[in-house]
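Quick note: the coordinates plus some simple rules give every number you see, no bench work behind them. Because the structure is a prediction, the values reported are computed rather than measured. All Cβ positions, glycine included, derive from the backbone under ideal geometry; neighbour counts span all protein chains shown.
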């Protein structure tokens with residue numbers, strides 16, 4: 001079988017990854033690694049990844065979340081409670097470069113899948129442990145889900161502060177997917193490091209601490225200055241009640257009046273050019289930040305006067321960034337109609353038609369490629385075990 005998605009020149013062609021992850025963060029990361037050309041073998045328990053059953057189904061255990069996180073992988077079913085499965089996994093790590101798991105340490109140790117055990121079978125193994133919390137923290141070993149992490153890193157509080165309402169989760173699995181991106185870049189860096197050292201290593205990627213750093217890079221605010229008596233955190237512009245899509249006469253629009261040039265052009269367009277010269281709230285980035293609610297409220301007040309189409313034209317002509325506010329269906333339609341679309345259609349092995357998400361980054365010489373349909377549960381068990389040298393039932 002061609003294990004490089006049809007292109008032996010893909011960036012990670014020849015790299016083999018054992019994927020013992022489930023739900024979202026790990027599968028999101030390993031799908032991207034598969035798009036780079038890695039041979040990703042998803043090792044599942046007999047009941048399969050829990051996400052197989054999430055959302056509407058056309059086929060059993062093939063829900064849309066699973067389909068969009070596991071394309072291009074091969075599925076092997078092993079019951080790790082069975083001693084023979086543990087022997088097979090010990091054999092498997094000799095054939096693989098990277099082992100990624102989000103199983104808890106205690107269970108890994110019990111199953112013989114801990115770093116100390118597996119590294120004895122393959123000293124070049126890159127072992128990536130996806131933790132909810134750093135192992136040296138007070139939360140070590142506790143369960144972590146996207147909702148919990150969002151709450152702990154203050155995202156609902158930021159939404160509350162910005163909206164004036166109540167705490168709200170961001171309605172995407174932003175913690176899972178953000179940390180999934182960190183997983184990808186960590187694996188790539190580890191593979192590069194191994195070229196020079198010739199050795200594998202254990203790597204821990206904690207969800208909470210990683211996501212906290214991601215959030216605070218925007219919102220450390222005055223807390224950045226450790227010698228200040230006041231440690232008021234937060235980015236005033238991002239937290240403004242008026243930083244939101246603006247209502248027009250017939251809908252909604254996204255625009256950002258940001259630079260000095262933008263503001264001078266916007267005030268001129270509104271017939272208030274004199275404010276650029278007489279109202280110091282508009283005249284510099286520092287002043288606008290200090291008066292962010294007032295200047296954004298001014299934008300809101302102006303935009304409700306004309307239609308979305310009119311503002312799209314006028315703001316574009318004034319070289320002010322502007323975009324429509326899309327619904328999910330409109331987003332899918334817009335992306336599917338483009339050449340080299342991020343949304344593409346593909347056919348499953350049984351003839352069903354699906355929409356899937358393609359790689360968005362364009363490589364000139366070694367283009368990435370979305371894999372085939374996500375695998376059925378255990379679809380490749382016999383094939384992969386034969387590659388690992390096991391002929392057992």
### Summary
Here the percent of antiparallel bridges among DSSP beta bridges lying wholly in the chain, to the nearest 5, is 30
### Query
Which peptide among 212-220, 308-316 comes first, and what is the full order, when sorted by highest mean count of other Cβ atoms within 10 Å?
308-316, 212-220
#### Entry: Ascending count of other beta-carbon atoms within 10 Å, so fewest first, for 97, 39
97, 39
### Query
Angle, helix 260-269 long axis vs. longest principal axis of the chain, Cα atoms, 0 to 90°, nearest 10?
50
### Task
On a C-alpha basis, how far is the centre of region 340-391 from the centre of region 12-46 in Å? Whole number, if you could?
11
### Message
Apply the a/c threshold of 1.5 to the C-alpha gyration tensor of region 233-317 and tell me whether it is rounded, prolate or oblate.
### Response
oblate
